[in-house]
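Everything below concerns the one structure shown next.
The values are calculated or read from the model by the stated rules, or taken from the named source; none is laboratory data. Note that the structure is predicted; figures quoted are calculated from it, not measured. When we count neighbours, we look across all protein chains shown, and the Cβ atoms used for this are built from the backbone with ideal geometry, even at glycine. These area figures cover heavy atoms from the full protein model, side chains too; ligands, DNA and RNA do not enter into them. Shrake-Rupley method; radii C 1.70, N 1.55, O 1.52, S 1.80 Å.
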Amino acid sequence: MKLLICNWKENQTLSDSLLAKKMLEQSDLSNLKLVICPAYPFLPILHSRKFYLGAQDVSEYKNGSYTGEVSAEMLKSLDVQYVIIGHHEREMYFLENREKQKKKIQNALEQDLKIILPIGENLMEYQLDKTEEVIEKKLTELLSDIPENKKKNIALAYEPIWRVGKSNPINKKEVMKVIIFMKQWLYNHGFPNNPVLYGGGLQLEDFANLPEIDGFLVGNLSLNVEKLCKVITEFQNSTHVYKS
C-alpha cells in the first residue's frame, strides 16, 4: 500500500488529537497505510486499528539517566511502529548531526521500528544544482552500515527544505527526477523495494498530480482534520500502489 505520513510537529492539543482520531476512524483507509506522528504525550491516546502510530524523533541513547529523552524501547512499548529520524528541523533547531542520527537509526532498528528518513537540499544547494550530491552524501553517511535483515525497515522522503511552507505548484518533472535518483541509489546499495515518499510545500492537487510516488510526508496539511480527510480522499484516488 501507499504510505501517508502525517507529522504534526509541535502542534495539536489533547482535544484536537481525540477529534482527529474519531474522524480518521470513520474514514476509508483501505488503499493506504496512514501513519500519524503526534507529539510524544499523545502517542498513548492515539492507538487505533485503522491507522499506525509514528514518533517524530527518538533518543540517541538507550534507557538511562537522560532527562527528557524517549528511547526506542519506550516507543516500542507504546506500539509505535514508525519513527522520523534526521528531519531538517532537528538539524536546524537542535544542531543534530549525522553521528547522532546514526545512533538513533541503530537504536530504532534494534527495536524493529520502521524509519522515515527525510532528505532534501536548501535553496542555495538547489540553485547550485547540488541536490543529488547532497542526497547521496546523507544516504551514504547514514545507510552504509545497515544490517541486511533490517534494510526493509528504511523508507526515504524527499523533502526539499527550500519548498517547505511554499504554496506555488510543484514542478513534477524536477520532483520525479530526484525520486528516481533516490530509488536508483537504494537499488544499487541493496534496498531494492524500499518506498520513496515526497514532502515539502504540498498542496491538495499534488496528490493526484504525483501518482507514481510511493507516498507522502505531510505537515501543515495534516493539522486540520477536515483537510486531512480531503488529502486521504485524493490519496485514495491515486492509481499507483506501492507493494509493502
Look through Tyr187, Tyr198 and report the one residue that is open to solvent by less than 10 Å² (accessible area, probe 1.4 Å) and under 27 Å from Lys102 (Cβ atoms). Tyr198
In segment 134-152, is there at least one residue being open to solvent by less than 10 Å² (accessible area, probe 1.4 Å), assigned to a helix (DSSP H, G or I), polar (S, T, N, Q) and over 20 Å from Ile179 (Cα atoms)? no
Hey, Leu34 hits all of (1) of a type in the set (A, V, I, L, M); (2) in a loop (DSSP other than H, G, I, E, B); (3) under 14 Å from the mean Cα position of the chain (by Cα) but one; which does it fall short on? (2)
Over segment 1-55, the set of residues under 18 Å from Phe235 (Cβ atoms) and of a type in the set (Gly, Ala, Ser) is Ala20, Ser27, Ser30, Ser48, Gly54
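Out of all the residues in segment 1-15, which are open to solvent by 50 Å² or more (accessible area, probe 1.4 Å) and touching a residue at least 60 places away in the same chain (Cβ under 8 Å)?
Taking segment 1-15 and keeping what is open to solvent by 50 Å² or more (accessible area, probe 1.4 Å), we get 1, 9-11, 13-15.
Scanning segment 1-15 gives Met1, Lys9, Asn11.
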Segment 207-238: number of residues that are surrounded by fewer than 17 Cβ atoms within 10 Å (Cβ to Cβ), out of contact with any Leu (no Cβ under 8 Å at 6 or more places or on another chain) and not small (Gly, Ala, Ser): 8
Only residues that are closer than 20 Å to Tyr82 by Cα, part of a helix (DSSP H, G or I) and either of a type in the set (Val, Ile, Thr) or open to solvent by 80 Å² or more (accessible area, probe 1.4 Å) (or both): list them for segment 104-130, please. Ile105, Gln106, Glu110
For segment 82-91, state whether one or more residues are modelled with pLDDT of 95 or more, open to solvent by 80 Å² or more (accessible area, probe 1.4 Å) and under 30 Å from Lys137 (Cα atoms). no
So Leu228 passes all but one of these: (1) part of a helix (DSSP H, G or I); (2) over 26 Å from Leu46 (Cα atoms). Which condition number does it fail? (2)
Conditions (1) farther than 24 Å from Pro147 by Cβ; (2) open to solvent by 10 Å² or more (accessible area, probe 1.4 Å); (3) under 18 Å from the mean Cα position of the chain (by Cα); number of the one not met by Leu43: (2)
